[in-house]
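What follows is one structure encoded as structure tokens, with my remarks underneath.
The values are calculated or read from the model by the stated rules, or taken from the named source; none is laboratory data. A quick note: this is a predicted structure, and the numbers were derived from the prediction, not measured. Cβ sites come from the backbone with ideal geometry, for glycine too, and all protein chains shown count toward neighbours. Heavy atoms of the whole protein, side chains included, go into the accessibility calculation; ligands, DNA and RNA do not. Shrake-Rupley method; radii C 1.70, N 1.55, O 1.52, S 1.80 Å.
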Amino acid sequence: MQQPMTIGTSSIRRKAQWLYKYRNTQFHNMRGNMQTRLDKLAESDWSGAIFARAGLDRIGLLPQNHLVLDWMLPAPAQGAVMVVCREDDARILDACALINDEFTAVCTKIERDFLRGLMGGCATPISAFAQHNYSHVSFTGNVCMPDGSDLLEVSCTFGLDELEDAGHIAAEKLLANGGGAFIEKFNK
């Protein structure tokens, strides 16, 4: 019998997606900042660890020997930065408008609406990725059993006139195709 891989991650979502693809894996929980997690990996005998590449890249800690898991979807709105201010503060609203990226705002809303439509939370392995392509938005989302035993995915393309309800529509499609049973299992 083949020895199981050992992987470090603190993400329920990443663990579930990995297990869906690679069943023979043992996981070690990783906590702490990026440098602490990289140190834990270096000091361990693990096969590897799963990180958000953007985070490591942004702070200049992306290892040379990394692999990109392009099949793994991110958490809804992962990496999006936002500023919150009072509605009646026109000066701050105007300042925020200058740095707002409309494409990111649209994609983030779709991803968050998808999560909200599935009534998911931090303990539910729900993933979503919306990508604005100027003439449309491509969306892929999934929900995975925490043990990786099953995964349901939905992919949609939305025209620019369909973006307001895109996340909810994608969630409804996933729920109609068996996602409701998944969500019920998480809530038990």
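Here are the numbers for this structure:
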item	result
Packing rank of 57-64, 166-173, 73-80, 3-10, where each peptide gets the mean count of other beta carbons within 10 Å, highest leading	166-173, 73-80, 3-10, 57-64
Whole-Å semi-axes of the chain's equivalent ellipsoid (Cα gyration tensor)	31, 23, 14
Beta bridge orientation in the chain: antiparallel %, DSSP, nearest 5	75
On Cα atoms only, tilt of 90-99 relative to the major axis of the chain in degrees	50
Span from the the stretch 4-34 Cα centroid across to the the stretch 149-188 one, whole angstrom	24
Cβ crowding within 10 Å averaged over residues, with 25-34, 101-110 ranked highest first	101-110, 25-34
Computed [θ] at 222 nm, helices only, for the chain once each DSSP H run of length n ≥ 4 contributes -39500 (n - 2.57)	-10500 deg cm²/dmol
Acute angle (nearest 10 degrees) that the helix 34-43 long axis makes with the longest principal axis of the chain, alpha-carbon atoms	10
Degrees, to the nearest 10: 12-21 long Cα axis against longest axis of the chain	60
Accessible surface of the stretch 76-182, 1.4 Å probe, proportion on carbon and sulfur as whole %	55
Projected label distance in nm at Leu62 and Asp165, using a 7 Å step from Cα toward the beta-carbon	3.9
